[in-house]
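**Q** What follows is a single structure, and I will ask about it in a moment.
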Amino acid sequence: MAEVTIKDIARECGVSFSAVSKALKGSPEISAATIELVQKTAKKMGYRANAAARKLRTNRSYDIGVIFEDATESGLQHQYFASIFDSLNINANLNGYNISFLNSVNREKDSYLSQAKYRGFDGVVIASTNDYHRKDIQELIHSDIPVCLLDYTSEKDCSSVLSDNENGIKQMLNYLISKGHKQIAYIYGDSTDVTNVRLDTFYDVMRENKLHVPKEYIIKGIYHDTKSSEEATKKLLALKNPPTCIMFPDDFAYLGGLKVLHEHNLVPGRDISVVGYDGIFLSSVLTPALTTYAQNAKEIGRQLATLLIQRIENPALDVQIVRVRGSIREGETVITL
């Protein structure tokens, strides 16, 4: 079977060779509609850029490194990040790049920067780290290797893709308040910049709506961890004045809370309201289906690939910060009071 070329894609889409080439790179010179058409067509036709020829021509490796540190050690079983990496990989491949994960286990002996240089990465995506301010992370960010950051901005000239966490919490709280909820508890995740934005927004929205937040309604949990959500839910249900709604740190962590609700013979959406965050597939197949804020993981992955490759291929480009919005996915777990 003949290899699919850019000319084949151009013919299929009815656009120029140049437009296809730019669209595959996500160039701002091309309309969003054309980029989507070209990239979908390229994927459907099985297009893959000839990386070997490009390596000889450009003296690049066409390899991108990815840093993913996960405190719960769930790895690619973490559905939200797995969706991001799938999209990142697809869009990198469309441009002739491969992605590989850096080793986070032995980073004290073999730093991320030394790994990236040894393996010849053209750039690195920092998708998740326990601490962006840590010395080894900052060393990489301030190196001469192009870096794209997820949910973090740096004073160094690195592009960033931000899931719009402020908008996510605002949307969710305004939705709950519109349903008549005033006693809303929040189990928040690990201490990160993302968590700080979500917590600050939570308090701001509640204050704007003149709603009181008892200190016992705010409990620290852990992202993607059922045990911490289980313990937090027990504490909330044991209160003299329990909340009418509980916001969980993410959809997977909610499973711990669901276990406690079952033990108390409470049915979400009938006896108490609950909501999640992320919008992973699991949330839609639970019974009852979980109301959640669905982050746009596919677009986040696409933007990470696009912004990093643009900086690799044109270092003079201005830094870009892209915010990606998600949306409320209404399930069956919120009562109208």
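**Q** Return only the number of the condition from (1) in a strand (DSSP E or B); (2) of a type in the set (S, T, N, Q); (3) touching a Leu at 6+ places or on another chain (Cβ under 8 Å) that residue 310 does not satisfy.
**A** In the conditions (1) in a strand (DSSP E or B); (2) of a type in the set (S, T, N, Q); (3) touching a Leu at 6+ places or on another chain (Cβ under 8 Å), residue 310 misses (1) alone.
**Q** Okay, moving on. Would you tally the residues in region 153-167 being under 13 Å from the mean Cα position of the chain (by Cα), under 19 Å from residue 64 (Cα atoms) and part of a loop (DSSP other than H, G, I, E, B)?
**A** Within region 153-167, residues that are under 13 Å from the mean Cα position of the chain (by Cα), under 19 Å from residue 64 (Cα atoms) and part of a loop (DSSP other than H, G, I, E, B) number 0.
**Q** Now a separate question. Just a yes or no: is a residue in region 116-136 open to solvent by less than 30 Å² (accessible area, probe 1.4 Å), within 18 Å of the chain's Cα centre (by Cα) and among the small types (Gly, Ala, Ser)?
**A** yes
**Q** Out of region 182-203, which residues are crowded, with 21+ Cβ neighbours inside 10 Å and in a loop (DSSP other than H, G, I, E, B)?
**A** Scanning region 182-203 gives a single hit, 189.
**Q** For residue 113, are the conditions met, namely being more than 14 Å from residue 305 (Cβ to Cβ) and not in a loop (DSSP other than H, G, I, E, B)?
**A** yes
**Q** Listed residues 240, 259; which is basic (Lys, Arg) and at pLDDT 95 or above?
**A** Selected residue: 259, the only one of 240, 259 that is basic (Lys, Arg) and at pLDDT 95 or above.
The rows are residues; the columns are (1) basic (Lys, Arg); (2) modelled with pLDDT under 95; (3) out of contact with any Phe, Trp or Tyr (no Cβ under 9 Å at 6 or more places or on another chain).
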position: 156; (1), (2), (3): yes, yes, yes
position: 159; (1), (2), (3): no, yes, yes
position: 168; (1), (2), (3): no, no, no
position: 171; (1), (2), (3): no, no, no
position: 178; (1), (2), (3): no, no, yes
position: 200; (1), (2), (3): no, no, yes
position: 230; (1), (2), (3): no, no, yes
position: 233; (1), (2), (3): no, no, no
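**Q** For region 125-140, what are the residues that are polar (S, T, N, Q) and either touching a helix residue (DSSP H, G or I) at 6+ places or on another chain (Cβ under 8 Å) or not in a helix (DSSP H, G or I) (or both)?
**A** Passing the criteria: 128, 129, 130.
**Q** Pull up region 168-181, narrow it to residues that are in a helix (DSSP H, G or I) and open to solvent by 30 Å² or more (accessible area, probe 1.4 Å), then point me to the one that is farthest from residue 134 (Cα to Cα).
**A** 178
**Q** Considering only region 283-291, I want to know if a residue exists there that is crowded, with 19+ Cβ neighbours inside 10 Å, touching a residue at least 40 places away in the same chain (Cβ under 8 Å) and under 30 Å from residue 159 (Cα atoms).
**A** no
**Q** Just to check your reading of the model, which residue among 33, 10 is modelled with pLDDT of 75 or more, open to solvent by less than 40 Å² (accessible area, probe 1.4 Å) and outside any loop (DSSP other than H, G, I, E, B)?
**A** 10
**Q** Considering each residue of region 216-228, count those that are assigned to a helix (DSSP H, G or I) and either over 23 Å from residue 166 (Cβ atoms) or modelled with pLDDT under 95 (or both), and give that number.
**A** Count: 4.
**Q** Which residues, taken from region 206-254, are of a type in the set (Ser, Thr, Tyr), surrounded by 21 or more Cβ atoms within 10 Å (Cβ to Cβ) and in contact (Cβ under 8 Å) with a residue 60 or more places away in the chain?
**A** 223
**Q** Another question, if that's okay. How many residues, within region 298-330, are within 29 Å of residue 280 (Cβ to Cβ), aliphatic (A, V, I, L, M) and open to solvent by 60 Å² or more (accessible area, probe 1.4 Å)?
**A** Selection size over region 298-330: 1.
**Q** Within region 141-151, count every residue that is over 21 Å from residue 164 (Cβ atoms) and assigned to a loop (DSSP other than H, G, I, E, B).
**A** 5
**Q** For region 141-168, name all the residues that are in contact with a helix residue (DSSP H, G or I) (Cβ under 7 Å, 6 or more places away or on another chain) and touching a residue at least 60 places away in the same chain (Cβ under 8 Å).
**A** Residues satisfying the conditions are 146, 147, 148, 150, 158, 159, 161, 163.
**Q** Taking the condition assigned to a loop (DSSP other than H, G, I, E, B) and in contact with a Phe, Trp or Tyr (Cβ under 7 Å, 6 or more places away or on another chain), does residue 243 pass?
**A** The answer is yes for residue 243.
The values are calculated or read from the model by the stated rules, or taken from the named source; none is laboratory data. Quantities reported herein were computed from a predicted structural model and do not represent experimental measurements. Note: ideal-geometry Cβ built from the backbone for every residue, glycine included; neighbour counts use all protein chains shown. For accessibility, only protein heavy atoms count, side chains too; no ligands or nucleic acids. Shrake-Rupley method; radii C 1.70, N 1.55, O 1.52, S 1.80 Å.
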